[in-house]
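Written below as structure tokens is the structure these notes are about.
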Amino acid sequence: DAGVIQSPRHEVTEMGQEVTLRCKPISGHNSLFWYRQTMMRGLELLIYFNNNVPIDDSGMPEDRFSAKMPNASFSTLKIQPSEPRDSAVYFCASSLNLGNTIYFGEGSWLTVV
Amino acid sequence: QKEVEQDPGPLSVPEGAIVSLNCTYSNSAFQYFMWYRQYSRKGPELLMYTYSSGNKEDGRFTAQVDKSSKYISLFIRDSQPSDSATYLCAMRPTGNQFYFGTGTSLTVIP
């Protein structure tokens with residue numbers, strides 16, 4: 001079975017540009033999480049959805065970040081405008097019914113110069 | 001104070017050694033405790049999951065939870081070079097939020 005699929009795997013962009021990260025959760029999973037990982041802060045939860053509905057977005061750092069889940073098999077995380085401090089690895093993860101077993105994608109490595 | 005504290009290492013051991021990885025936490029509401037393994041440039045993958053206090057064994061891996069001390073451990077017996085990775089602890093209360101440690105980098109030298 002395919003795991004969580006993220007794209008792009010790597011993105012280098014200039015400050016001020018819009019960045020869109022994409023995620024396809026595991027088929028049948030109804031909970032989706034967006035995390036950001038940095039050396040300094042580790043894994044931070046940005047937002048999570050259950051049944052396509054955003055449940056908690058308190059981890060979204062500021063209004064430049066937005067996330068959508070238009071259907072059960074697709075989610076986006078958008079940063080507009082991007083800043084160098086947004087450089088990090090962004091992980092999407094999914095689970096069944098907000099269970100304890102969450103499965104991570106391979107991450108999107110973002111560099112903002 | 002962070003919810004979950006984890007020594008970042010790095011930890012370097014010879015092949016065959018017993019490895020001990022640890023996390024401490026401050027929130028007594030945590031009920032579920034997990035260990036994830038993350039290989040370089042990959043996503044974390046669930047290794048072990050325990051509920052409340054006690055031990056759980058899976059092959060060469062043993063997870064231990066001491067809620068009275070707010071301390072969890074992961075032991076790896078007969079460590080192998082393929083165990084070289086970053087290990088993250090994660091915890092959860094009865095709610096939906098997961099709290100992750102920052103990870104301990106482990107290298108097992110052949």
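So which trypsin sites (Lys or Arg not before Pro) in the range B:1-51 are both in a DSSP loop and have at most 11 other Cβ atoms within 10 Å of their Cβ?
Values: sites: B:Lys2, B:Arg37, B:Arg41, B:Lys42; in loops: B:Lys2, B:Arg41, B:Lys42.
Answer in residue order: B:Arg41.
What the phi angles of the range A:57-74 give under the Karplus curve with 6.51, -1.76 and 1.60, with θ = phi - 60°, is a coupling list of 10, 5, x, 5, x, 6, 5, 5, 9, 9, 9, 9, 9, x, 8, 5, 10, 7 Hz, glycine and proline written as x.
The simple spin-label model puts a point 7 Å past each Cα toward its Cβ; for B:Ala29 and B:Ser105 those points are separated by 3.4 nm. With a Förster radius of 35 Å applied to the beta-carbon distance between A:Ser87 and A:Ile55, the computed FRET efficiency rounds to 0.85. The modelled label-to-label distance for the pair B:Glu3/A:Ser7, using points 7 Å beyond Cα in the direction of Cβ, is 3.3 nm. The mean sequence distance of close C-alpha pairs (under 8 Å, at least 6 residues apart), as a share of the length of the range B:25-76, puts its relative contact order at 28 percent. On a per residue basis, the convex hull of the C-alpha atoms belonging to the range A:66-105 measures out at 90 Å³.
Can you pull the Rg over Rh of the range B:28-88, Cα-only, Kirkwood? Radius of gyration relative to Kirkwood radius: 0.99.
Under 8 Å for C-alpha pairs, at least 6 residues apart: give me the relative contact order for the range A:36-100, rounded to a whole percent.
Numbers: 71 pairs, mean separation 18.5, N = 65.
Here the relative contact order equals 28 percent.
Taken along the Cα-to-beta-carbon direction at a fixed 7 Å, the label points for B:Asp78 and A:Thr20 span 5.1 nm.
What FRET efficiency comes out for A:Ser27 versus A:Arg64 if R0 is 35 angstrom and r is the Cβ-Cβ distance? Round to the nearest 0.05.
0.65
Placing a label point 7 Å from the Cα of A:Thr76 along the Cα-to-Cβ direction, the residues of the range A:15-49 whose backbone N falls under 12 Å of that point are A:18-23.
Please arrange A:Lys24, A:Lys68 by counting, for each residue, the other beta carbons lying within 10 Å of its beta carbon, fewest first. It would help to have the intermediate numbers written out before the result.
Details: A:Lys24 19, A:Lys68 14.
Fewest-to-most Cβ neighbours within 10 Å comes out as A:Lys68, A:Lys24.
Please report, in whole Å³, the volume per residue of the convex hull around the C-alpha atoms of the protein assembly as shown. If you can, show how the numbers build up before the last one.
Numbers: hull volume 28.0 nm³, N = 223.
Cα-based convex hull of the protein assembly as shown, divided per residue, equals 126 Å³.
What per residue convex hull volume, in Å³, do the alpha-carbon atoms of chain B yield?
Numbers: hull volume 10.5 nm³, N = 110.
Hull volume over Cα atoms, normalised by residue count, gives 95 Å³.
Only the Cβ atoms of Lys and Arg (+1) and of Asp and Glu (-1) were treated as charged; on that basis the dipole of the range A:12-113 about its Cα centre amounts to roughly 240 debye. For B:Lys67, the lysines whose Cα falls under 24 Å of its own Cα, not counting residues fewer than eight places away in the same chain, are B:Lys2, B:Lys56. Residues whose amide H falls under 5 Å from that of B:Lys67, counting only those 5 or more places apart or on a different chain, are B:Gly54, with hydrogens built in the peptide plane. Within the range A:3-42, the proportion of C-alpha pairs whose separation exceeds 13 Å stands at 67%.
Counting every other Cβ atom within 10 Å of each residue's Cβ, A:Met40, A:Met15 order from fewest to most as A:Met40, A:Met15.
In the calculated pair-distance distribution of the range A:1-92, the portion above 20 angstrom amounts to 32 percent of the Cα-Cα pairs.
The numbers here are math on the coordinates, done by the rules we state, and not lab data. No experiment lies behind these values; they were computed from the predicted model shown. Cβ: placed from backbone, ideal geometry, glycine included. Neighbour counts: every protein chain shown.
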